[in-house]
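One structure is given below, encoded as structure tokens.
No value in this document is a laboratory result; all are computed from the given coordinates. These numbers were taken from a predicted model, which means no experiment stands behind them. All Cβ positions, even for glycine, are placed from backbone atoms using ideal geometry, and neighbour counts span all protein chains on display.
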Amino acid sequence: MAMDDLAAVLESLRPAPGSGGMAGVDAQRCARALGVDGVAVSVTPGSGLNELLWVTPGASTRLEDLQFTLGQGPGPEVASSGAAVVVPDLAAEPAARWPVLLPEVLALGIGAVFCLPLRLGEVCLGTMTLQRARPGPLAQTPMSDARIITHALTAALVKDEQSWDAFAAAHDSSHFYRAAVHQATGMVSAQAGVSVAEALIRLRAYAFQQGRSLLEVAEDVVARRVHFRDDDGDEPGPAPGGGTEGP
């Protein structure tokens, strides 16, 4: 059954041009083919943010949201280094590696993570993150199959230039899940008079302090319900004029 699932996953990575990329991939079938409990694929076109393409519901979705909000975890490490991160026993991992993320992930019941890069030469275009409740290494066959899928994913990304360019531009009308974060980062940069990198740090810090996801806070910024003032570090607050004015 796993071989049939693997063949179906690979076939689904050949979308028609302009069809929206890999949105039609069955993430649960991919997880089943690889013998894991969940899988997520994100892309990072060099903007400092990533975009979630597809993910299994439940623990994998929450793991991706946590990594995106906190900016730490196997995904960010792989995106930065281009090298795989394999952690067969999260409970045995030193807390200092991901001090905020690790306890949250363990509370989700995730015992092992395996994160592979989508590499094009020396460039990391994104990541595929596998997770499993049971700790222990991933066997050689599913690991080899996972690498086959990452190669196919990379080829599909390069081929689907329209979707790739739309994500990189992050227009207001973009269909991508996290386009609001790209827009909000630019707005915070203008509001607070800081670099885009610093704006993203402020967004992430505020989201963590509020116990909310980065996407939720970004949507508030875009809707002008929250405004980051140029005030030397004061906490963000409601936008002036009832949340209808300003960048």
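How much length is gained on full extension from V158 to R225, taking 0.36 nm per residue of separation minus their Cα-Cα distance?
Net length gain for the segment: 20.4 nm.
Could you pull out which residues in the range 103-122 have an amide N less than 14 Å from a spot 7 Å beyond the Cα of I148, following the Cα-Cβ vector?
The answer is none, because no backbone nitrogen lies closer than 14 Å to the label point.
Sorted by mean Cβ packing within 10 Å, highest first, what order do the peptides 91-99, 51-59 take?
Going by the mean number of other Cβ atoms within 10 Å, highest first, we get 51-59, 91-99.
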